[in-house]
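Asker: I am attaching a structure below and will ask some questions about it afterwards.
The values are calculated or read from the model by the stated rules, or taken from the named source; none is laboratory data. All of these numbers come straight from a predicted model, not from anything done at the bench. Cβ atoms come from the backbone with ideal geometry, glycine included; neighbour counts cover every protein chain shown. Side chains are part of the model used for accessible areas, which takes the heavy atoms of the whole protein and leaves out ligands, DNA and RNA. Shrake-Rupley method; radii C 1.70, N 1.55, O 1.52, S 1.80 Å.
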Amino acid sequence: MKARQLWSFFGGLTLPDGKNQSTQVPITQADLPEYLIFPLQQPTGNLLIPVVKIGDIVLKGEVVAKAQDNLSVPVHASSSGKVIGIENLPILHPSGLQAPCIIIETDGKETWIDRYPFKDYQQLDPSYLRNLIREMGIIGLGGAGFPTFIKLNSGAKAQVQTLIINGAESEPYISCDDLLMRERAHEIIQGIAILRHALQACHCLMGIEDNKPEAYAALTAAVTTGIEIIKIPTRYPAGGEKQLIKTLTGKEVTSRGLPIDIGVVCHNVGTAAAVYRAIHLGQPLTSRIITVTGSAIDRPKNLEVLLGTPIYHLLNQCRVDQRRINHLIIGGPMMGFTLNDINLPVVKTTNCLLVGIPEPNKSTPVMPCIRCGACAEVCPAHLLPQQLYWYTKAKELDKAQDYHLFDCIECGCCAYVCPSHIPLVHYYRYAKSEIQAQKQEQEQAHRARQRYEFRHRRLEQEQQEQAARQQMQKASLSPSASEDKKRALIQAAVERARSKRIAQKEKLN
Amino acid sequence: MPFPFFSAPHIHQGTNVSQLMLQVIYALIPALLAYIWYFGYGILINITLTVITAVITEALMLAARGQPLNIFLADGSAVVTGTLLAFCLPALTPWWIPVIGTAFAMIFAKHLYGGLGYNPFNPAMVGYVLLLISFPKEMTTWLPVKDLMINPPLDLKESLKLVFTHIAPEVDSFSGATPLDYTKTQLRLGRAIDEIRSHPLFGGLGGKGWAWINGWFFLGGMWLLYKRVISWHIPSAVLGILLAMSTMFHFLVPNYYPSALFHLTSGGTMLGAFFIATDPVTAAASPRGRLFYGAGIGGLTYIIRTWGGYPDGIAFSVLLMNMAVPVIDYYTQPPVFGHKKDS
């Protein structure tokens, strides 16, 4: 077969991948924790509304909180047990943000609710299927956690030509997708078929980085028909959605646009497997695979973890060397965030716990930018990171936007190569949030001004109306008119008196 | 368990500014050795003077500006500035020449603009130009290459004595002009290139010794390219334009315009192309911008050498193009992902 043409995206890096540490053992089932915690704040959308109360007994797979908007999906209990609390707790967020959480004490029985598998999903209407996927609580398991049903709803505006399945796990150290592909290729392939049916997509491509030969072999062996599995070069961030689409199709997703605008929809392999379980087995999303690795971990591995499991529980299971923990990172070393609380629960988007990395190299002092341009050579968005840094530092946020700040995907390539060790991504995040805050402020000010102007106009109008009313009243009782009336009355009376007098005179005469 | 907060990414490829500067120094070593071979110990004295002055001035200025001394002295940028300036100075020039040039470069061209990373002009070239226009006699009195010296090259002791006291009986016997300078004055006198090149100053390619030193600068530059300390854009553009212009004029009037080989192997060509124009702080930032920036330096160098008032044009070209950097940077922004005009 002729090799498919691939395109390359600008920039990117070859990183030491560190994945081997966690790929030595098969996926292991994590132990059942004593408590499960379910934050009501999900990656997208508003807070979920709890549908259980303290003291309720819940079964595995039961909905514990439902969505109240179109950007979120319900959360299901990941094991059976008793609701023992609904309270504010810190959640998995870089800022240490708190949110209401449902706490469930597990009973160790793992009793499932009744499940209703749909083996013949092809009979289902795509819209019904989408809704089912939503009710099963499935969101993108690649990282951003965007609800899957939304991405399956292409709507009337665009025809989905290509479904792209993302098997390019390009962050170093993370291997959960790799192991999933190696061990559960069958589930992924079935899941893809369901996604395809829901999208009615013509083509289906799957990109796997060439540093995962076992995964590639497993999927090629499992593939049935209509799915093209393509090896792509290992180059971070090949797994970025826009980069993967470019690599496989040569098309660039426009700056403010979505993949659907160019007829493409992209889903992660983990999402495909979750969709398979949801439809074929009737299981809502209650667990995911998480890589637990890093230099402080004695036995790095991939664990199938119940959602809501506290992090310390996983660390205990993988034997942490307390002395070697210098970092606890959620996600990969390039884009993950540090955390200082191991009581936090894992959520649907948690793909990796990185506990200690070889050289945290943060002792090097930050030097001024020497404009060496190394950042611009590796930026996959083809930006000029040093200019963005310059303008951000000078608080010239308009200029930073002129240099396309919002096209930055925060992949971290620039900071990785910066010889001055400037935390560039940190600056861009700051600039972005600052601009958003300013926009919000401006909007608020605009609304306040509108309200003020409206009130001012209303008052003015009322005043005018009142004046007009008074005018009318005055007009109706105006002195001239009444005088005329009086004069007329007097005249009439005078006339009457005169005629009377004349009449009397005539009588006398 | 308190873990520190760090922002992503959490790994780094491990380079730092001091390493980059150190690699630049390493790349200069072959040319330095060649320099000593052809022109004696004078260059070593120059380097010692400039580096010591640069480091002392840097420390004083950092202290005055309230900046951390250890971090910025360790970055190596002062040493690089000093070394580069030393290569531009005539050997055995009086001691105050390197000292004044370096101090001016560090104080006025670097620290008054905000120190490392903030200077718009190449400090070494600012220092050089100050000396060139203030002390033209000292700055244009070069040693002839070893073979042409009437006496054998001075030993270190005599060189030091000469530099610090400027007392040497036979001083005039070994002062002279560089091949570029000689060519220029002889052309003014109406002599043809062929005649000029028959002077013993010249070897097969360019000036005797000069061609070799340029060759070693070239090799050092290639090593910097290999190490990815510099990118290919600026040196290629500088040399490409210089090659193109000199070839064209030499082809038109061979006896008035020297050949490309002469231009590429004379004066500061290779030092300028690989070590001075590539100073990242003062150069254009984007790859495309660097091509324009380099082309500007190459073109101006040829113009100044051929029709200008000075024998070599590298320093002026670099400074002139430094001025153009903001404009170049503005107009050469790369096409951002997802911003294609046709879509």
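Asker: Taking the range A:84-124, which residues are farther than 24 Å from A:ASP31 by Cα and in contact with a strand residue (DSSP E or B) (Cβ under 6 Å, 6 or more places away or on another chain)?
Answerer: Passing the criteria: A:ASN88, A:PRO94, A:GLY96, A:GLN98, A:ALA99, A:PRO100.
Asker: Specify the residue that is farthest from B:ILE36 (Cα to Cα); the eligible residues are those in the range B:63-95 that are aromatic (Phe, Trp, Tyr) and more than 13 Å from every other protein chain (Cβ to nearest Cβ). If you could, list the steps in order and put the result at the bottom.
Answerer: Step one: of the range B:63-95, the residues aromatic (Phe, Trp, Tyr) are B:72, B:87, B:95.
If we keep only those that are more than 13 Å from every other protein chain (Cβ to nearest Cβ) too, we end up with B:87, B:95.
Working: B:PHE87: 11, B:TRP95: 18 Å.
Ranking the qualifying residues of the range B:63-95, first place goes to B:TRP95.
Asker: Another question, then. Would you check which residues across the range A:221-238 are assigned to a loop (DSSP other than H, G, I, E, B) and open to solvent by less than 20 Å² (accessible area, probe 1.4 Å) and list them?
Answerer: Matches in the range A:221-238: A:PRO237, A:ALA238.
Asker: Checking the condition open to solvent by 30 Å² or more (accessible area, probe 1.4 Å), more than 18 Å from B:SER18 (Cα to Cα) and either touching a residue at least 60 places away in the same chain (Cβ under 8 Å) or in a helix (DSSP H, G or I) (or both), which residue from B:VAL99, B:VAL79 passes?
Answerer: Numbers: B:VAL79 fails: more than 18 Å from B:SER18 (Cα to Cα).
Unique residue meeting the criteria: B:VAL99.
Asker: Answer yes or no: is there a residue in the range B:314-324 that is open to solvent by less than 20 Å² (accessible area, probe 1.4 Å) and farther than 30 Å from A:LEU388 by Cβ.
Answerer: Within the range B:314-324, one or more residues are open to solvent by less than 20 Å² (accessible area, probe 1.4 Å) and farther than 30 Å from A:LEU388 by Cβ.
Asker: Every residue in the range B:262-286 that is more than 25 Å from B:TYR26 (Cβ to Cβ) and assigned to a helix (DSSP H, G or I), please.
Answerer: Residues satisfying the conditions are B:PHE262, B:HIS263.
Asker: Now for a separate question. Only one of B:VAL281, B:VAL336 is in contact with a helix residue (DSSP H, G or I) (Cβ under 6 Å, 6 or more places away or on another chain) and of a type in the set (A, V, I, L, M); which?
Answerer: After applying the criteria, what remains is B:VAL336.
Asker: Among the numbered conditions (1) surrounded by 24 or more Cβ atoms within 10 Å (Cβ to Cβ); (2) closer than 20 Å to B:LEU89 by Cα; (3) not aliphatic (A, V, I, L, M), tell me where B:PRO235 comes up short.
Answerer: Every listed condition holds for B:PRO235 apart from (2).
Asker: Does A:GLY18 fit the bill of being surrounded by 17 or more Cβ atoms within 10 Å (Cβ to Cβ), among the small types (Gly, Ala, Ser), over 27 Å from the mean Cα position of the chain (by Cα) and not in a strand (DSSP E or B)?
Answerer: So A:GLY18 fits the description; yes.
Asker: Search the range A:32-57 for residues that are among the polar types (S, T, N, Q) and pair each with any residue that is outside any loop (DSSP other than H, G, I, E, B) when their beta-carbon atoms are under 8 Å apart and the residues are at least 6 apart or on different chains.
Answerer: So the pair list comes out as A:GLN41/A:ALA99; A:GLN41/A:PRO100; A:GLN42/A:VAL75; A:GLN42/A:ILE139; A:THR44/A:ILE139; A:THR44/A:PRO147.
Asker: Identify, please: which residue in the range A:326-338 is in contact with a strand residue (DSSP E or B) (Cβ under 7 Å, 6 or more places away or on another chain) and facing chain B (nearest Cβ under 7 Å) and is, among those, most open to solvent (accessible area, probe 1.4 Å)?
Answerer: A:PHE337
Asker: Name the one entry in A:GLU443, A:GLU434 that is over 26 Å from B:VAL281 (Cα atoms) and without any contact (Cβ under 8 Å) to a residue 24 or more places away in the chain.
Answerer: Residue meeting the stated conditions: A:GLU443.
Asker: Quick check, is B:ASP181 crowded, with 16+ Cβ neighbours inside 10 Å, modelled with pLDDT under 95 and part of a helix (DSSP H, G or I)?
Answerer: Working: crowded, with 16+ Cβ neighbours inside 10 Å: yes; modelled with pLDDT under 95: yes; part of a helix (DSSP H, G or I): yes.
It is true that B:ASP181 is crowded, with 16+ Cβ neighbours inside 10 Å, modelled with pLDDT under 95 and part of a helix (DSSP H, G or I).
Asker: Could you grab me the full set of residues in the range B:22-50 that are in contact with a Ser or Thr (Cβ under 7 Å, 6 or more places away or on another chain), open to solvent by 30 Å² or more (accessible area, probe 1.4 Å) and within 28 Å of A:VAL378 (Cα to Cα)?
Answerer: Of everything in the range B:22-50, just one residue is in contact with a Ser or Thr (Cβ under 7 Å, 6 or more places away or on another chain), open to solvent by 30 Å² or more (accessible area, probe 1.4 Å) and within 28 Å of A:VAL378 (Cα to Cα), namely B:ILE25.
Asker: Assess whether A:ARG182 counts as being under 28 Å from A:THR28 (Cβ atoms) and among the basic types (Lys, Arg).
Answerer: When the stated conditions are applied, A:ARG182 passes them.
Asker: Sticking with this one: Tell me which of these A:LEU199 doesn't satisfy, since it passes every other one: (1) at pLDDT 90 or above; (2) at negative phi.
Answerer: Tallying (1) at pLDDT 90 or above; (2) at negative phi, A:LEU199 fails exactly one: (1).
Asker: Would you point out which residue out of A:ILE104, A:ILE54 is more than 21 Å from A:GLY140 (Cα to Cα), assigned to a strand (DSSP E or B) and either open to solvent by less than 70 Å² (accessible area, probe 1.4 Å) or in the same structural domain as A:ILE139 (by TED's automatic domain parsing) (or both)?
Answerer: A:ILE104
Asker: Could you list all residues from the range B:192-227 that are at pLDDT below 90, surrounded by fewer than 17 Cβ atoms within 10 Å (Cβ to Cβ) and not small (Gly, Ala, Ser)?
Answerer: Of all residues in the range B:192-227, those at pLDDT below 90 come to B:192-212.
Imposing the further condition that a residue be surrounded by fewer than 17 Cβ atoms within 10 Å (Cβ to Cβ) reduces the set to B:192, B:194-195, B:198-200, B:204.
B:ASP194, B:GLU195, B:HIS199, B:PRO200 - these are the residues of the range B:192-227 that are at pLDDT below 90, surrounded by fewer than 17 Cβ atoms within 10 Å (Cβ to Cβ) and not small (Gly, Ala, Ser).
Asker: Would you mention how many residues in the range A:348-375 are touching a Gly at 6+ places or on another chain (Cβ under 8 Å), more than 8 Å from every other protein chain (Cβ to nearest Cβ) and over 19 Å from A:GLN21 (Cβ atoms)?
Answerer: Residues in the range A:348-375 being touching a Gly at 6+ places or on another chain (Cβ under 8 Å), more than 8 Å from every other protein chain (Cβ to nearest Cβ) and over 19 Å from A:GLN21 (Cβ atoms): 2 in total.
Asker: Taking the conditions exactly as written (more than 18 Å from B:LEU22 (Cα to Cα), open to solvent by 20 Å² or more (accessible area, probe 1.4 Å), within 14 Å of chain A (Cβ to nearest Cβ) and in contact (Cβ under 8 Å) with a residue 12 or more places away in the chain), does B:PRO120 satisfy them or not?
Answerer: Answer is yes for this residue.
Asker: Right, next: Could you list, in sequence order, all residues of the range B:8-39 that are in contact (Cβ under 8 Å) with a residue 12 or more places away in the chain and facing chain A (nearest Cβ under 7 Å)?
Answerer: B:VAL17, B:LEU20
Asker: Then there is this: Mind listing whichever residues of the range B:325-337 are surrounded by fewer than 24 Cβ atoms within 10 Å (Cβ to Cβ) and touching a His at 6+ places or on another chain (Cβ under 9 Å)?
Answerer: Of everything in the range B:325-337, those that are surrounded by fewer than 24 Cβ atoms within 10 Å (Cβ to Cβ) and touching a His at 6+ places or on another chain (Cβ under 9 Å) turn out to be B:GLN333, B:PRO334, B:PRO335, B:VAL336.
Asker: Only strands (runs of 3 or more DSSP E) wholly contained in the range A:247-320 count here; list those with 1 or more residues that are among the acidic types (Asp, Glu) and open to solvent by 10 Å² or more (accessible area, probe 1.4 Å).
Answerer: Because the criterion is at least 1 residues that are among the acidic types (Asp, Glu) and open to solvent by 10 Å² or more (accessible area, probe 1.4 Å), the strands (runs of 3 or more DSSP E) in the range A:247-320 that meet it are A:301-306.
Asker: Test of understanding: among A:PRO94, A:PRO33, which residue is within 26 Å of the chain's Cα centre (by Cα) and not polar (S, T, N, Q)? It would help to see each step written out before you state the result.
Answerer: Numbers: A:PRO33 fails: within 26 Å of the chain's Cα centre (by Cα).
Answer to the selection: A:PRO94.
Asker: Would you point out the residue of the range A:383-422, among those that are assigned to a helix (DSSP H, G or I) and touching a Pro at 6+ places or on another chain (Cβ under 7 Å), that is surrounded by the most Cβ atoms within 10 Å (Cβ to Cβ)?
Answerer: A:CYS414
Asker: Look at A:VAL425 and say whether it is open to solvent by less than 20 Å² (accessible area, probe 1.4 Å), in contact with a His (Cβ under 8 Å, 6 or more places away or on another chain), hydrophobic (A, V, I, L, M, F, W, C) and not assigned by TED's automatic domain parsing to the domain that holds A:TYR173.
Answerer: Judged against the criteria, A:VAL425 is not a match.
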